[in-house]
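The values are calculated or read from the model by the stated rules, or taken from the named source; none is laboratory data. None of the values given here were measured: they were computed from a predicted structure. Heads up, the Cβs are rebuilt from the backbone with ideal geometry, glycines too, and the neighbour counts pull from every protein chain shown. Accessible surface is based on the protein model in full, side chains and every heavy atom, while ligands, DNA and RNA are left aside. Shrake-Rupley method; radii C 1.70, N 1.55, O 1.52, S 1.80 Å.
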Amino acid sequence: MASSSSSSLPLHICHGNKLTTIINRSHAVLHSIAIAFLIHYRVSFFFQDPKTRAAPAVPLVFVFASELLLSFIWFLGRAYDWNPVYRTVFPERLPSDEKLPPIDVFICTTDPNKEPTIGVMNTLLSAMALDYPPDKLSVYLSDDGGYAITLHAMREAWRFAKFWLPFCRRFDIETRCPDVYFSRTNDHHPESKNSDFIEEKQKTKEQYELFKERVRRAGEECKLKDKDVRSASNHPSCIEVIQEDSKEGLQEGEITEIPLLVYVSREKRTPHLHHFKAGAVNTLLRVSAVLSNSPYILMLDCDMYCNDPTSARQAMCFHFDPQMSPSLAFVQFPQAFHNISENDIYDSEVRSAYTIAWPGLDGLKGPVLSGTNFYIKREALCCHSIQKADIELRELKDSFGPSNEFIKSIQRDYNKPNLNGDEVSNMLLKEAKVLASCSYENHTKWGKEVGFLYDAVAEDYLTGFVMQCNGWTSAYVAPSSTRRPQFLGTSTTNVNELLTQGIRWGAGLVDVAISRFSPLLYGPPRTSFLHSMGYAELSLFPLLYCLPLWCFATIPPLYLLNGVPLYPEVSDPYFSVFLLIFLSSLSKHLHEVLKSGRPIRKWINEQRIWMIKSVTCHLYGSLDAILKKLGLRKASFMTTNKVADDDQIELYREGKFDFRASTIFIVPLVTIMLVNLASVAGGIWRMLFMGGDWKKMLGQVLLSVYIIVMNYVVIEGMVIRRDKGRIPLHVSVLSFVFCLIFLLLGSLISNSLF
């Protein structure tokens, strides 16, 4: 309970770093001046006499266009540097538990073959064990595939929770994900040598092993029963409040409060559009409204467990702020991952987003809604003005659907339903099944103006953006050096899953960029231009990086091989301009990495992954979004596989790329490397033995060398490595053929143009 002396103290503080802001803005000014000189140089080229030009115009048009695109995306990204802020919370200053508002927790899962059931249940148990009044906590699991094993595992999780929750509360356990807690070899708990603690821990661990064994056996039985009987895309709705009267695990006279636990599987029928995760979350919104109707919602991915049990109280530090709360839609926490290696070769940490972009947006109007790890106000998702007296029932039904019970729930004077009475409970569950039917949203505003929006696969990004354009704000809370990460998840540990996930993200973001919600068009009339710039950078970067990087990886090397200069010679003052822009970008990135406490190796990894993603998944994701826009392709959603074999994990821990990936990912990488290797070798040979002028070709040599050095792992995978993760021989041969064809065609085109 908060003391009276602390009631006048702030629940949170917001602070910036003046030195960082000055450095950011100064760099932006200097870099902009250099870009202006570059543009002047390129434009003046096209006014030269065609007979005296040192290079053909066609390749320079592509190179100049690429330089403009990179300059534009860089300009948009300056929004993050303008006024980054950082927040500190004081949850100990919150009022007593009686005054805390109820919270619903939403967890979504789809396929137990890609999202292991035990892992999903650990996330669920960590949410049930949050340091929050259990009578004010309700946990909902959306099983979009309707798998019997998931429902059975939830029932088993409920049984185990009667051991796990009292143990966590009694001994104030910080790590409330049971799998993580029991897998640790060293226990630094203050009472680790206490006999009562040791006995209770052993008892709870035994129950956890029994829980896992029961789920494992049930999984094997369900696979046999479900085979050829059920369909993940065609099944009825199923809603169950998990509860039982058994007192197993409780001591005599002991009463353990357990949060409300609800299984939800919405109806799916093949002809109907289901809108992937956005549709599942909107179903949870409706079902939870008639069962618990908490004013705040915590959204979690099924593999993102609660690592700091105080995260709910940290979020309430903002929602209890009388100045901030009225317009505050959500509090976003960063994504962190428990399985990232020290080297982090795939940049799975996504450092730039959570240390640069999100704090930068927080200093404007708030960060992006990031799909998981946020506490959001239910009212903000409903986007309604229910308190206006002139709104008629018909208008409400046009927006929210025909359910009278749901429409009652969105009124502020609605009382939380009582699920204890069988008659009331059965009535509400029957109503919840109606709300979970696949036809309920027909002729309503769900997915258009209500709930998560359906206009893009990146439903979280789009919904948060539209919210902020409607006047809502958000806050971002990263863990301080003295606090644990609030949430921890599982990251991808192989190239195939990394790039497959990148296609989905890229397609979703470009979806928004080319839609009516394009940030640069939709944003400025409704939110600040800087804030719109930040959102625009996020939506456009897959498209605006893939095109220039493909150009720089192919056209300059090709003309280097043919002895045609595309950059100023070394003695030309404009060579310094190009070199300055290149070094300025690299040094700014290096400064950001070092400032965040990461080593130089992290900078190299991020540079490499940026290039790899740009020429593979960002390209494919952008094409996917454009084809969908043209009506040539249907929307799809690829669930990230969270199951990794031992070989993949071992390679990742050793810092070796696992190239056992789809050919569409590996062939472009190998082809680009072969093209650049051939060009550097051929270009140097030409300069040394054929009278070539190295002063004119140095820029292209440096560019190709940079590409080769940063992506040496591809060469290593082709030539040096002999383990299972190497690049297969047939892929190298196919890439070599493509390289030869490209170089031959390029030489013909180059000779015809010059």
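Put simply, of LYS656, LYS634 the only residue that is in contact with a helix residue (DSSP H, G or I) (Cβ under 9 Å, 6 or more places away or on another chain), in a loop (DSSP other than H, G, I, E, B), farther than 30 Å from ALA54 by Cβ and free of Cβ contacts under 8 Å to residues at least 12 places away in the same chain is LYS634.
Suppose we keep only residues that are assigned to a loop (DSSP other than H, G, I, E, B) and either of a type in the set (S, T, N, Q) or farther than 18 Å from GLY371 by Cβ (or both) within the stretch 312-337. Which one would you say is nearest to the chain's Cα centre (by Cα)? Residue satisfying both the conditions and the ranking: GLN335. Within the stretch 68-86, not a single residue is on the phi < 0 side of the Ramachandran plot, among the polar types (S, T, N, Q) and touching a Pro at 6+ places or on another chain (Cβ under 9 Å). Flag set for ARG526, criterion: open to solvent by 10 Å² or more (accessible area, probe 1.4 Å), touching a Gly at 6+ places or on another chain (Cβ under 9 Å) and not in a helix (DSSP H, G or I).
Please verify whether LEU677 is open to solvent by 30 Å² or more (accessible area, probe 1.4 Å) and modelled with pLDDT of 95 or more, treating the condition exactly as stated.
Values: open to solvent by 30 Å² or more (accessible area, probe 1.4 Å): yes; modelled with pLDDT of 95 or more: yes.
Answer is yes for this residue.
For the stretch 665-672, does any single residue satisfy the condition of being under 27 Å from VAL457 (Cβ atoms), aromatic (Phe, Trp, Tyr) and not in a loop (DSSP other than H, G, I, E, B)?
Within the stretch 665-672, one or more residues are under 27 Å from VAL457 (Cβ atoms), aromatic (Phe, Trp, Tyr) and not in a loop (DSSP other than H, G, I, E, B).
Whenever a residue of the stretch 593-622 is of a type in the set (Phe, Trp, Tyr) and modelled with pLDDT under 95, it has no partner that is open to solvent by less than 10 Å² (accessible area, probe 1.4 Å) and part of a helix (DSSP H, G or I) lying with C-beta atoms less than 6 angstrom away and at least six residues away or across chains. Out of the residues in the stretch 213-229 that are modelled with pLDDT under 80 and loosely packed, with under 15 Cβ neighbours inside 10 Å, state the one that is farthest from SER138 (Cα to Cα). Among those residues, the one meeting the criterion is ASP228.
Selection of the stretch 434-470 for residues being of a type in the set (A, V, I, L, M), closer than 17 Å to TYR522 by Cα, open to solvent by 10 Å² or more (accessible area, probe 1.4 Å) and part of a helix (DSSP H, G or I) yields only VAL466.
Residue under question is PHE62, and the condition is that it be more than 30 Å from VAL477 (Cβ to Cβ), open to solvent by 70 Å² or more (accessible area, probe 1.4 Å) and under 26 Å from the mean Cα position of the chain (by Cα); does it hold? Spelling it out, it is not the case that PHE62 is more than 30 Å from VAL477 (Cβ to Cβ), open to solvent by 70 Å² or more (accessible area, probe 1.4 Å) and under 26 Å from the mean Cα position of the chain (by Cα).
Those strands (runs of 3 or more DSSP E) of the stretch 74-158 in which at least 3 residues are of a type in the set (A, V, I, L, M) and buried (at least 19 other Cβ atoms within 10 Å of the Cβ), considering only elements entirely within it, cover 103-109, 137-143.
Which one of GLU537, GLU569 is of a type in the set (D, E, K, R), closer than 30 Å to ILE39 by Cα and in a helix (DSSP H, G or I)?
Every option except GLU537 fails the conditions.
Scanning the stretch 684-708 for residues that are closer than 11 Å to MET673 by Cβ and surrounded by fewer than 19 Cβ atoms within 10 Å (Cβ to Cβ) gives a single hit, ILE708.
Checking THR640 against (1) part of a helix (DSSP H, G or I); (2) open to solvent by less than 30 Å² (accessible area, probe 1.4 Å), which test does it fail? Every listed condition holds for THR640 apart from (1).
Inspection of the stretch 258-275 finds no residue satisfying the criterion of being at pLDDT below 75, at negative phi, of a type in the set (A, V, I, L, M) and assigned to a loop (DSSP other than H, G, I, E, B). Just to be sure before I move on: is LEU743 touching a helix residue (DSSP H, G or I) at 6+ places or on another chain (Cβ under 7 Å) and either modelled with pLDDT of 95 or more or not in a helix (DSSP H, G or I) (or both) in the structure I sent? When the stated conditions are applied, LEU743 does not pass them. Of all residues in the stretch 695-704, at least one satisfies being more than 42 Å from the chain's Cα centre (by Cα) and under 21 Å from LEU60 (Cβ atoms).
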